[in-house]
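Asks: Okay, handing you the structure first.
Read-outs throughout are calculated quantities, based only on the coordinates presented, and are distinct from any laboratory measurement. The structure presented is a predicted model; accordingly, all values stated were derived computationally and were not measured. We place every Cβ from the backbone using ideal geometry, glycine too, and count neighbours over all the protein chains shown.
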Amino acid sequence: GLGGEEHYLYVMCAHTRMSFVSCHAQRSEAPQAIVNALRPITTLIRRLGLSPEACWLKHDAATEFNSKEFAVACEGLGITYNINGAPRHRNSVHLLDNHMRTLQNMASAAISQGKAPLNEWPSAIVCANWTKVRMPISGGPCAMVRAFGVAYTPRLSSFRIFYAPVFKVDQMKPRSQKFSSRVQLGYYLGHHRDQVGMMIRIPGNARPVVRH
């Protein structure tokens, strides 16, 4: 897959439209990925006074979605699920499918406008989701506000153009290199999911760095 990631997991709260996306290179990462994606959604739904229930499962192929890891994750998080007879093909789940297609279009446009290499596609998908949940829905509040309240109204200053040039300042240079450059040129990939900071691609580095 592009960027080494071959598996994409989309999770959405149908009540607030809040969604999470994660990309993974190996199928063996699925169990932990499912738990990581369902946990914040489950917490959100319980904060709203609702009972979490898994109603729809989407699969890219026209076959049943049968995942033991999904069942184990639901049981561990206390999610009610009854997927027998529920729509499983991607075209049957219009809400999630429309969201997925929108993210793909946004990621494609971001890569084209930012002149980013195609192996940044996974980062573009995650960044597109981060942006979309902070955009108004049909003239109403964005998913973040619906989910967490007006205190989470996004600030325009937090938005960035995908793959825009940014500079990382290295404050930890040893004294022997005190006259060398402390600035590195990088490219913005989005905000980190678990940390406060932006992810930056430094040319030559295999993994993005986080700038606080």
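Asks: List every residue whose amide H lies under 5 Å from the amide H of residue 164, counting only residues 5 or more places away in sequence or on a different chain, with H placed 1.01 Å from N in the peptide plane.
Replies: For residue 164, the qualifying residues are 188.
Asks: To continue, here is another question. What's the ranking of 198-208, 119-129 by average number of surrounding C-beta atoms within 10 Å, highest first?
Replies: Numbers: 198-208: 14.0, 119-129: 23.1.
Top to bottom by mean Cβ count within 10 Å: 119-129, 198-208.
Asks: Compute the signed sum of charges (Lys and Arg +1, Asp and Glu -1) over the other residues within less than 11 Å, Cβ to Cβ, of residue 188.
Replies: +3
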